[in-house]
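**Student:** To start, I am sharing the structure in question, which I have written as structure tokens.
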């Protein structure tokens, strides 16, 4: 599904990723953990094609194609979805309108008929129940005046509607209280399938109590310094990141 | 980021679609303006004496006036003696009595513009009074309107058939001495539209006029007068396109609205005249005076405008809230791209008690465009309980464009409440990236965001016009992508 080799990237005038390797198979859920500034969000940004990040080395293959050569919209249409850490507000644009445009862009790309307003609404309302969102969400501006928790739920709603092949969740748990976290985790879990891979970027292992990863990787200094299973996340919870950084420096 | 900026600039560089010239023999007077030209226009139209006298008074007054220079726009001096003041498509006999008699080339022009006169009018239920170079050549749905008692006809026809109404109301909102361009218009106007809605009548159709400027070097001076008698209701749509042209063309129209007691007039404009090329060459000078008079109690006048065209737009559709409890509204979207300039806004003059006004202005600047909102809210001492709400939002799409806001308030009654809000924003790279990450192309994303910005204005437009306005905005701001 996804193969990252020797990835190097710069952002804000600094080298952030310094030779990162990662392989994600079909249906697998990988958690990327690490301290602040280790490059987690930069990795998510590189995968989605964020224009402010400059890739300076390495390669990324996605479903057999050179991901780095694709526009952000082409990546999205090929099934790559990024749940943003800080979803942007777009005043005046209806939430439901954006989502319908997005879904139809994907369907058009796949050669499927575009959904009309009624079909689309039926689909969305179904998914909204899952995310415990009421109808008023549909006609508000995209993320306009949403609370932090509402924004994150909206991201997962979009993911549920767009049904990506690879979902990258960038700190989707940050800023959520425990109830909202459960709703979001429940939404994410309902999307797990043998066909769908996920990369879950998180600072805390708290989310991983609800979204059980197949693999856990620790990112530090722009490289993956350790990989393991769920037990690694628990160890990090207990011991923090310092011991790993000391080990990798030694 | 630099790349995002370039992309936005590429998107806004789309070519003007409606650039073509129809070859129709024109009956044009030589360039220049003097009393003889005015007498010629008046005689050509067989006007009554009162109208000729009015024109001549306006001309005499105009000679004493100076061209105003206070607007935030720049343009080369206009050679008023270089303009031809009359141009009419040549008539075969006494003028067309039905569409069959209309010059086929003219109809073809409308086809190119996407205005198939007969079909569109029937399908959309819209009566079209098509103004082509100063003379109205086709009018539809006359019978249906006539059975409701509504008069909707070319101004020159109204002068012949309803001279008393014309004499009573012409110049009663915009007097001949009002301002430089309105005074010039009063002296030389050639045609336009006239509407009279009788007492208690709700006009059964949306009234629509498509204006066009065609013959080279012909200034266009339209005169529109709409009178809504007591308790009546009318919605009027004005839409414009013009062929591509290399030299500047002056357009100085006057629109007067009169709403008597309990009457409502809704006036919607989509203006798409030739804006000039990417270097700012050519394009229309659109210097228009539009004013409505809420003359009776409980009357209402609502202006909605979408201004995407013209090299220079200079207009302030205004409301005089004379009647008690009368309501004035102004909803505006103005787009300036390349070297376009717009200085537009409104005046709300509160005279009657409990008068209310709402102003929502959306300015979009791209390229080197300059966009100014200029508005006056004036509350006279007798306007007890007057209310105004003003909202001015500017959207900047390039580093070289400008947005300016000039709000004026004169409040002469302590019970009045006047609110003003203003914002300036740009389409952020993060918004574009967010949309693209959802699979939406950059071009569609820009459209979506701009339309979202304009939503409060678009929803005031009649349905068919709202779609047209969104298309126009897309044409004005999209690049030649795809």
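Just so it is clear, none of the values below were taken in a lab; they were calculated from the coordinates. Keep in mind the model is a prediction, meaning the values are calculated, not measured. Backbone-built Cβ (ideal geometry, glycine too); neighbour counts: all protein chains shown.
**Student:** If you take each beta carbon of peptide A:44-51 and count the beta carbons of other chains within 10 angstrom, what is the mean?
**Tutor:** Shielding by partners across A:44-51 averages 3.
**Student:** Any idea what angle helix A:148-162 forms with the longest principal axis of chain A, computed on alpha-carbon atoms, 0 to 90 degrees, nearest 10?
**Tutor:** 70
**Student:** Could you check the spin-label model distance between residue A:54 and residue A:210? Points 7 Å from the Cα along Cα→Cβ, value in nm.
**Tutor:** 4.0
**Student:** Okay, moving on. Give the peptides A:43-51, B:62-70 in descending order of average Cβ contacts within 10 Å, highest first.
**Tutor:** So the peptides A:43-51, B:62-70, ranked by packing, come out A:43-51, B:62-70.
**Student:** Please average, across the residues of B:438-450, the number of beta carbons from any other chain that are within 10 Å of each residue's own beta carbon, and give a whole number.
**Tutor:** 6
**Student:** Shifting gears a bit: Need one number: nm distance between label points at residue B:456 and residue B:78, each 7 Å from Cα along Cα→Cβ, rounded to one decimal.
**Tutor:** For residue B:456 paired with residue B:78, the spin-label model returns 3.2 nm.
**Student:** Between 0 and 90 degrees, rounded to the nearest ten: what's the tilt of helix A:230-239 against the longest Cα principal axis of chain A?
**Tutor:** 60
**Student:** Given 20 °C and 1.002 mPa s, how large is the Stokes-Einstein diffusion coefficient of segment B:275-378 in µm²/s, with Rh as the Kirkwood radius over Cα pairs?
**Tutor:** Translational D for this selection: 152 µm²/s.
**Student:** Shifting gears a bit: So the label point goes 7 Å from the Cα of residue B:421 along Cα→C-beta, right? Which residues of segment A:80-96 then have their backbone N under 20 Å from it?
**Tutor:** A:89-95
**Student:** Work out the FRET efficiency for residue B:413 and residue A:179 from their Cβ-Cβ distance, taking R0 = 60 Å, and round it to the nearest 0.05.
**Tutor:** Efficiency, from the Cβ-Cβ distance: 0.70.
**Student:** As an exercise, use a Förster radius of 45 Å and the Cβ-Cβ distance of residue A:71 and residue B:202 to find the FRET efficiency, rounded to the nearest 0.05.
**Tutor:** Working from the Cβ atoms, E equals 0.30.
**Student:** Could you list B:55, A:14 in order of exposure, starting from the residue whose Cβ has the fewest other Cβ atoms within 10 Å?
**Tutor:** Sorted ascending by nearby Cβ count, the order is A:14, B:55.
**Student:** Still on this structure, I have one more. Taking just the C-alpha trace of segment B:220-344, give me its Rg and Dmax in Å.
**Tutor:** 15.7, 50
**Student:** Any chance you could tell me what percent of the C-alpha pair distances in chain A go past 32 Å?
**Tutor:** Cα-Cα pairs in chain A separated by more than 32 Å: 20 percent.
**Student:** So, one more: Quick one: go through segment B:159-188 and flag any residue whose amide nitrogen is under 16 Å from the point 7 Å out along the Cα-to-Cβ line of residue B:56.
**Tutor:** B:187-188
**Student:** Continuing with this model, one more query. Shape verdict for segment A:68-165, please, from the Cα gyration tensor: rounded (a/c under 1.5), prolate (a/b greater than b/c) or oblate.
**Tutor:** oblate
**Student:** I want to check the label-to-label distance for residue B:70 and residue A:229. Put each point 7 Å from Cα in the C-beta direction and report it in nm to one decimal.
**Tutor:** The answer from the label model is 8.1 nm.
**Student:** Kindly put B:360, B:234 in sequence by how many other C-beta atoms sit within 10 Å of each C-beta, fewest to most.
**Tutor:** So the ranking, lowest neighbour count to highest, is B:360, B:234.
**Student:** Compute the angle between helix A:95-109 and the longest alpha-carbon principal axis of chain A, please, reported from 0 to 90 degrees and rounded to the nearest 10.
**Tutor:** 80
**Student:** Considering every residue in A:133-146, what mean count of other chain Cβ atoms within 10 Å of its Cβ is obtained?
**Tutor:** 1
**Student:** Please state the relative contact order of chain A as a whole percent: Cα pairs under 8 Å, 6+ residues apart?
**Tutor:** Rounded, it is 28 percent for chain A.
**Student:** With the Cα gyration tensor of segment B:269-335 giving a ≥ b ≥ c as the square roots of its eigenvalues, does the rule (a/c under 1.5 for rounded; else a/b larger than b/c for prolate; else oblate) give rounded, prolate or oblate?
**Tutor:** prolate
**Student:** In addition: Within 10 Å of each residue's Cβ, count the other Cβ atoms and sort B:346, B:289 from fewest upward.
**Tutor:** The most exposed by this proxy come first: B:289, B:346.
**Student:** Let me ask something else about it. Please give the contour-minus-distance gain from residue A:193 to residue A:110: 0.36 nm per residue of separation, less the Cα-Cα distance, rounded to one decimal in nm.
**Tutor:** 27.9 nm
**Student:** Enter the Cα centre distance for the pair segment B:299-337 and segment A:188-220, rounded to the nearest angstrom.
**Tutor:** 55
**Student:** Determine the distance separating the Cα centre of segment B:396-455 from the Cα centre of segment A:1-75; give it in Å without decimals.
**Tutor:** So the two Cα centres are separated by 34 Å.
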